[in-house]
Amino acid sequence: MVFEHIYRTVLVYFLVLVVIRMMGKREIGQLSPFDFVVAIIIAELAAIPMEATDVPLWHSVLPLVILGLLEVIMSYVTLFSQSFRGLVCGHPQVIVKNGKVLRGEMRSARYNLDDLMAQLREKGIVGVEDVEFAVLETSGKLSVILKSQRRPVTPADLGLPTSYEGLPAILVMDGNVMNKNLQEVRLDEKWLRDRLKEHNLVPGKVLLATLGTDGRLFINEK
């Protein structure tokens, strides 16, 4: 009996992992209502074989596989069909325009003023009059564009030139040399070991080493 519980749990775990990976790389907050409902159904189906050992395993495995395949098919259809994507996922709605709340759009989205003010405060905005546009995305998140007079000053506004920053290349992680990243920056492992040797280190003693686009090497020992 114990072995059966373990077997079912391990099998369902990896099956759910595969299905969730098939759903794509989106956070819970970015899921559409349709995807969210599918995730709930998957959770319910996954719990059945782990709790009720008298229920045949395929009673849950088969629906999980079908749901996963349907999710992949729906994802591809919504990828290529804008009208179907709008039907399944909905459309973004402009809630605030030129500092004015659009009551009709809020009603159709069943979105109240308390929700609006709460999400504005989360973004550090206290006045609706400072907002050029506020768009309620299909995920339920609020995207806000401030009026030009209220936006933070940027180097472009001041006419100041800036250098390219880019992303640092990870050369060592958890003591392991990232050879692929070294090749991308046109360096080799010998160069890395020589640089580490200057600090009396070897890759195995390094937790993280990154190379910035300005050529500076950052080293974090274990």
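Where residues in the range 180-194 are touching a strand residue (DSSP E or B) at 6+ places or on another chain (Cβ under 7 Å) and assigned to a helix (DSSP H, G or I), which of them is surrounded by the fewest Cβ atoms within 10 Å (Cβ to Cβ)?
Restricting to residues being touching a strand residue (DSSP E or B) at 6+ places or on another chain (Cβ under 7 Å) and assigned to a helix (DSSP H, G or I), the top hit is 184.
Within the range 79-109, take every residue that is part of a loop (DSSP other than H, G, I, E, B) and within 26 Å of the chain's Cα centre (by Cα) and give me the one that is farthest from residue 136 (Cα to Cα).
Of everything passing the filter in the range 79-109, 81 is farthest from residue 136 (Cα to Cα).
From the set of residues in the range 13-62 that are farther than 21 Å from residue 136 by Cα, in a helix (DSSP H, G or I) and charged (D, E, K, R), which is modelled with the highest pLDDT?
44
Among all residue pairs at least 6 apart or on different chains, which show Cβ distances below 6 Å where the first residue, located in the range 74-101, is closer than 21 Å to residue 36 by Cβ and the second is of a type in the set (S, T, N, Q) and surrounded by 17 or more Cβ atoms within 10 Å (Cβ to Cβ)?
84/78; 85/78; 88/78; 89/32; 89/138; 90/138
Every residue in the range 80-110 that is more than 20 Å from residue 132 (Cβ to Cβ) and of a type in the set (D, E, K, R), please.
85, 107, 110, listed by residue number.
Hey, among 126, 135, 177, which residue is within 28 Å of residue 90 (Cβ to Cβ) and either surrounded by 12 or more Cβ atoms within 10 Å (Cβ to Cβ) or at pLDDT below 90 (or both)?
135
Within the range 205-215, count every residue that is modelled with pLDDT of 90 or more and either surrounded by fewer than 11 Cβ atoms within 10 Å (Cβ to Cβ) or within 14 Å of residue 176 (Cβ to Cβ) (or both).
Counting residues in the range 205-215 that are modelled with pLDDT of 90 or more and either surrounded by fewer than 11 Cβ atoms within 10 Å (Cβ to Cβ) or within 14 Å of residue 176 (Cβ to Cβ) (or both) gives 6.
I need a count of the residues in the range 110-162 that are in a helix (DSSP H, G or I), within 30 Å of residue 36 (Cα to Cα) and among the polar types (S, T, N, Q).
Number satisfying all stated conditions: 1.
Say we look at the range 83-100 and pick out the residues that are exposed (fewer than 15 other Cβ atoms within 10 Å of the Cβ) and at pLDDT below 80; which of these is farthest from residue 149 (Cα to Cα)?
Checking each candidate, the answer is 84.
The rows are residues; the columns are (1) in a strand (DSSP E or B); (2) touching a Leu at 6+ places or on another chain (Cβ under 9 Å).
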| residue | (1), (2) |
| --- | --- |
| 201 | no, no |
| 209 | yes, yes |
| 213 | no, yes |
| 220 | yes, yes |
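Which ones in the range 148-180 are within 26 Å of residue 124 (Cβ to Cβ) and not hydrophobic (A, V, I, L, M, F, W, C)? Steps first, please.
Looking only at the range 148-180, we keep the residues that are within 26 Å of residue 124 (Cβ to Cβ), and these are 148-158, 160, 162, 165.
Passing the criteria: 148, 149, 150, 151, 152, 154, 155, 157, 162, 165.
The values are calculated or read from the model by the stated rules, or taken from the named source; none is laboratory data. Worth saying up front: this structure is predicted, and the values here are computed from it rather than measured. Neighbour counts are summed over all protein chains in view; Cβ atoms, including those assigned to glycine, are modelled from backbone coordinates with ideal geometry.
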